[in-house]
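Rule-based calculations on the coordinates, nothing more; no lab input. Owing to the predicted nature of the structure, the values given are computational and were not obtained by experimental measurement.
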Amino acid sequence: MVKGLVYPVPDARFPFLGVHFTRMANGQVWLGPNAVPAFAREGYSFSQLNLADLLQMLTSSGSRNLALRHWRFGLKELYHSIAIERQVASLRRYMPALSLEHIQRNVKCAGVRAQAVSPDGTTPPPPP
């Protein structure tokens, strides 16, 4: 059903990708979003934890202010990461025929994306 990349127009209010389809070189299609904090800089699953990385994130004024500014959106993204049926419902906006039967979860692998955040919690605007 997916022959290329499918991404929404970015919402400038949020520093997140939104729901998307990414076709991999091996033909697999990975689904998103997953704009939730990782508990390690190279944490590709919820079970990976690095206490030093987590402590740095929790004590960073930028991370704290970003979380306070976007807590509703963040909770929605976390819910979508846990409740795959909600993520599929969002993805149907771009592919109405998509159903849970098309999905195979890979809970051991997630994408990690660095995010530049100023001390006040703002992020740079998306490129034009």
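Determine the calculated [θ] at 222 nm for the chain from helices alone, applying -39500 (n - 2.57) to every DSSP H run no shorter than 4 residues and normalising by the residue count; nearest 500 deg cm²/dmol. Only helices count here, giving -8500 deg cm²/dmol.
Give the angle, between 0 and 90 degrees and rounded to the nearest 10, that separates the Cα long axis of helix 71-82 from the longest principal axis of the Cα atoms of the chain. Taking the Cα atoms of the chain, the angle to 71-82 is about 40 degrees.
Computed over the chain, the percent of Cα pairs more than 25 Å apart is 29. Short-range pairs are left out: with C-alpha atoms under 8 Å and at least six residues apart, the relative contact order of the chain is 27 percent.
For region 1-56, what is the Kirkwood hydrodynamic radius in Å, using each pair of distinct C-alpha atoms? With all distinct Cα pairs of region 1-56 included, I get 13.4 Å.
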